[in-house]
Amino acid sequence: MTGHLFLFRSRRGDRLKILVWDRDGFVLWYKRLESGVFKLPRVAENQRSVELRGSELAMLLDGIDMAKLKRVARYERIAKKDEKSIEEVRRA
């Protein structure tokens with residue numbers, strides 16, 4: 001109910017389902033490729049899921065392999081809870 005999309009890829013990699021809650025029920029998007037596979041980003045061994053940005057989802061649906069992309073460093077605002085823990089480390 002938070003607006004998150006849940007993405008599921010088939011074992012063969014040629015089918016993709018996206019599940020999202022829409023005010024009064026679930027919406028399911030389904031895409032099947034005639035040829036090729038969807039290239040999902042790599043997940044670390046200790047993780048069971050990965051979080052994608054909207055732009056990354058668009059690239060995935062367009063058939064772009066994100067493993068071959070290089071992301072340029074950008075400014076990212078620190079969340080309040082992380083900011084407090086950083087201050088505690090600096091004081092120690």
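I'd like the residue in the stretch 9-19 that is at pLDDT 90 or above and assigned to a strand (DSSP E or B) and, out of all such residues, is farthest from the chain's Cα centre (by Cα). So, considering only residues that are at pLDDT 90 or above and assigned to a strand (DSSP E or B), the one farthest from the chain's Cα centre (by Cα) is ARG15.
Would the stretch 67-86 turn up any residue that is polar (S, T, N, Q), more than 19 Å from the chain's Cα centre (by Cα) and at pLDDT below 80? Spell out how you get there, then give the answer.
Narrowing the stretch 67-86 to residues polar (S, T, N, Q): 85.
Then keep just the ones that are more than 19 Å from the chain's Cα centre (by Cα); that gives 85.
From the residues that got through so far, the ones that are at pLDDT below 80 too are 85.
There is at least one residue in the stretch 67-86 that is polar (S, T, N, Q), more than 19 Å from the chain's Cα centre (by Cα) and at pLDDT below 80.
Return the total of residues in the stretch 46-72 being in a helix (DSSP H, G or I), surrounded by fewer than 10 Cβ atoms within 10 Å (Cβ to Cβ) and not basic (Lys, Arg).
3
Filter the stretch 23-37 down to the residues that are modelled with pLDDT of 85 or more and in a loop (DSSP other than H, G, I, E, B), then identify the one that is nearest to GLU76 (Cα to Cα). Per the stated criteria, the residue is VAL37.
The values are calculated or read from the model by the stated rules, or taken from the named source; none is laboratory data. What you see is a predicted model; the values in this text were computed from it and never measured. Don't worry about glycine lacking a Cβ; one is built from the backbone with ideal geometry, like all the others, and counts go over all protein chains shown.
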